[in-house]
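Computed from the coordinates by the stated procedures, all read-outs in this text should not be read as laboratory data. The shown structure was predicted, so the numbers you read here are calculated from the model rather than taken from an experiment.
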Amino acid sequence: MKNIGFYLSLILLGFVPVFISCENEDDIGSKLELLDNEDYFPLHLGNFWELTKIPKMTIDTNETLDGKNYFRMVTAFDTVYYRKTTDGKVYERTKASDEILKFDLSANADDTWTYHDETFEEGWHVTLVSKTETVELDGVTFENCYRFYFDVPSWADEAHSIWLAPGIGIIEQSFAYGTAGGKVLEKAKIDGVELEF
């Protein structure tokens, strides 16, 4: 009789992680419904993103630089400014640099553009690879993600991809060569909605 209780306990314990996982997925799903699924780069005060191996990125204030309004994003190591136009172009800059077109959310798949920053004089070549990527985090599937590929053609080991999910923004970033699995979203707060994966 004692053995039956022991085996029953093992069976029940085996089901607990599945139950918790389903509960987490349902909880995340209900929270995602509160977000604006048309917005692939939500810039609002208080929003933050925490990806593995990347310092927490937080939008903490608005600033006007050269007559344009930007959202300031701070991490433990740097400060970057973003602004988004009504036609879906996301510009990035620092206080010391001119703005560059980081993401073009209105572009078509395979559209390409180049920007120059202080890192590589040759400039980054950016391609919107796809607008229909699927990314899975902790059992939650995100469809219609945008994948942007960044490359400096004459260099090696610097190429990477960034995936933007509807309603959330940055959800994944590759280390190099544009492959998935490098840095994935662990926590975020978007328009007051807190998510944890």
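Below, the figures for the structure above:
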item	result
Partner lysines for K183 [C-alpha distance under 29 Å; skip if fewer than 8 residues away on the same chain]	K31, K53, K56, K84, K89, K95, K102, K131
Other-chain or far-sequence residues with amide H under 5 Å of Y40's (modelled H)	G167
